[in-house]
Amino acid sequence: MPDYEDFPYTIRIVSEIMESNGSSSMASVCGGSLSMMSAGVPLREHVSGIAMGLITDGKRHAILSDILGMEDHLGDMDFKVTGSSQGITAIQLDLKIEGISFELLTEALEQAKEGRMHILGIMNEAQPQASELSEFAPRILSLQINPEKIGALIGPGGKNIKKIIEDTECEVNVDDDGTVTVAGLNAAKCNDAIELVRAITFEPEVGMEFDGTVTRLMTFGAFVEFAPGREGLVHISEMDWKRTENVEDVCKPGDPMRIKLMKIDDQGRLDFSRKALMEKPEGWTPPPPRKPRDNRDGRRRPFKKRRF
């Protein structure tokens with residue numbers, strides 16, 4: 001079976017047996033392996049099984065492969081062996097006699113191996129590998145995030161994670177170790193939810209570019225949301241290569257804006273630039289320094305007192 005991280009599903013197999021000849025349990029093993037592969041369960045490889053029988057009078061014996069119902073009823077042993085090409089995965093031994101010798105058990109295992117490998121060959125011809133998971137099957141996706149980012153993913157009062165659930169119609173859960181699980185009926189929407197989780201929890205680096213949305217305007221610049229629930233400042237001096245007198249002349253709330261991350265300060269605040277992604281005008285010269293304006297906290301920068 002695949003690891004939980006690769007296939008986080010609970011699997012239930014129902015085997016309906018219509019014939020009593022042979023071993024119903026071994027038929028369930030072979031059919032179950034084929035059905036899971038066909039359904040899209042990424043098994044490492046097929047597992048086959050075979051039931052071995054024994055008829056002995058104490059001196060002579062005959063080991064039977066793939067026993068019939070009558071051979072099971074009249075025989076002295078029902079020995080079930082399952083396994084893959086790598087080896088045995090399970091055995092079950094029922095005896096009607098007091099015991100069997102080590103040599104007879106070895107012979108039965110060798111004969112069972114030959115039968116299992118023959119069956120495995122037929123199964124691999126019919127279903128050599130797992131099929132694609134049906135588009136109609138529920139999807140369960142998972143990813144690992146930095147546990148320190150769990151708070152950012154959830155948001156104040158659960159704002160961020162609730163919005164992801166509402167927008168994608170998927171169930172989103174996060175464990176204390178940072179494992180995020182997304183479940184839903186639509187594969188595309190599950191993938192959208194995963195991308196939203198990544199967008200909220202990733203670590204931005206200087207030089208990255210984003211397609212953001214202007215959220216609010218200040219006299220000193222505009223705040224732009226570059227990921228769900230995350231925003232940074234585009235200072236008025238970074239709006240355009242030419243002097244921008246008023247932020248409203250360039251953008252308004254709700255406008256899309258392509259931005260580039262220029263700086264992350266000691267408090268984790270992000271400074272973006274719009275003009276860094278624009279072509280510099282030919283013959284451009286830096287504009288003269290601006291008069292003091294409100295800073296990013298909305299307070300006017302005081303002039304320094306000088307002593308003469």
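Where a number appears in this text, it was derived from the coordinates with a stated rule and is not lab data. These numbers were taken from a predicted model, which means no experiment stands behind them. No Cβ is skipped: glycine too gets one built from the backbone with ideal geometry, and neighbour counts run over all protein chains shown.
Along the positive direction of the dipole of the stretch 24-126 (beta-carbon charges: Lys, Arg +1; Asp, Glu -1; about the Cα centre), which of A126, I50, L74 reaches farthest?
Sorting the options by dipole projection puts first A126.
When Rg is the radius of gyration of the Cα atoms in the stretch 139-201 and Rh is its Kirkwood radius, what does Rg/Rh come to? The partial results should precede the final answer.
Numbers: Rg = 10.4 Å, Rh = 11.2 Å.
Ratio of gyration radius to Kirkwood radius for the stretch 139-201: 0.92.
Would you mind working out the magnitude of the charge dipole of the stretch 24-126 relative to its Cα centre, with +1 at each Lys and Arg C-beta and -1 at each Asp and Glu C-beta, to the nearest 20 Debye?
Once rounded to the nearest 20, the dipole reads 260 debye.
Percent of Cα-Cα pairs per 10 Å bin, from 0 to the last occupied bin, for the chain, please list those.
Calculated P(r), rounded to whole percents: 5, 18, 17, 14, 12, 10, 8, 7, 5, 3, 1, 0, 0.
Say we join alpha carbon atoms closer than 10 Å with springs in a Gaussian network model of the chain; which of T285, T213, T201 then has the biggest fluctuation?
Among T285, T213, T201, the largest mean-square fluctuation in the Gaussian network model of the chain belongs to T285.
What number does the stretch 24-126 give for Rg over Rh if you use C-alpha atoms and the Kirkwood radius?
On the Cα set of the stretch 24-126, Rg over Rh gives 1.02.
With the convex hull built on the Cα atoms of the stretch 39-97, state its orientation-averaged projected area in nm². Present the calculation step by step, with values, prior to reporting the outcome.
Details: hull surface 21.3 nm².
If I average the Cα hull's projected area over directions, I get 5.3 nm².
For the stretch 139-201, build the charge dipole from Cβ charges (+1 Lys, Arg; -1 Asp, Glu) around the Cα centre, then report which of T179, Q144, I161 sits farthest towards its positive end.
I161
Taking 2.2 N^0.38 Å as the expected size of a compact globular protein, what ratio does the Cα radius of gyration of the stretch 71-206 give against it, to two decimals?
Taking the Cα Rg and dividing by 2.2 N^0.38 Å, one obtains 1.82.
Taking the mean number of other Cβ atoms within 10 Å as a proxy for protection, how do you rank 28-35, 242-249 from highest to lowest?
In descending order of packing, they fall as 28-35, 242-249.
Hey, what's the Kirkwood Rh for the stretch 181-289 if you take every pair of different alpha carbons, in angstrom?
Every distinct Cα pair counted, the radius reaches 15.3 Å.
Just in the stretch 117-218: which chymotrypsin sites (Phe, Trp or Tyr not before Pro) are loop by DSSP and have at most 16 other Cβ atoms within 10 Å?
Those that pass, being in a loop and sparsely packed, are F136, F202.
Take D76, project a point 7 Å from its Cα along the Cβ direction, then tell me which residues of the stretch 48-68 have their backbone nitrogen under 15 Å from it.
53-64
Using Cα positions and a limit of under 25 Å, work out the lysines in reach of K242, with same-chain residues fewer than 8 apart set aside.
K242 reaches K252, K260, K263, K275, K280, K291.
What does the stretch 192-250 give for Rg and for Dmax, in Å, if only its C-alpha atoms count?
My reading of the Cα-based Rg and Dmax gives 13.3, 41 Å.
Given a 10 angstrom Cα cut-off, can you work out which residue in D255, D175, D266 is the most mobile in a GNM of the chain?
Maximum fluctuation in the GNM of the chain, among the listed residues, is at D266.
Going by average Cβ neighbours within 10 Å, how do the peptides 71-81, 43-53, 155-165 rank, with the highest at the top?
Per-residue Cβ counts within 10 Å, averaged per peptide and sorted highest first, yield 43-53, 71-81, 155-165.
Please give me, ordered by residue number, the GluC sites (Glu not before Pro) of the stretch 172-223 that lie in loop per DSSP and have at most 11 other Cβ atoms within 10 Å. Could you put the intermediate results ahead of the total?
Numbers: sites: E195, E205, E209; in loops: E205.
Passing sites in the stretch 172-223 are E205.
Distance between Cα centroids, the stretch 237-277 to the stretch 123-175: provide it in whole Å.
A separation of 34 Å, based on Cα centres.
Can you show me the helix-derived [θ] at 222 nm for the chain, built from DSSP H runs with n ≥ 4 at -39,500 (n - 2.57) apiece and divided by the number of residues, rounded to the nearest 500.
-8000 deg cm²/dmol
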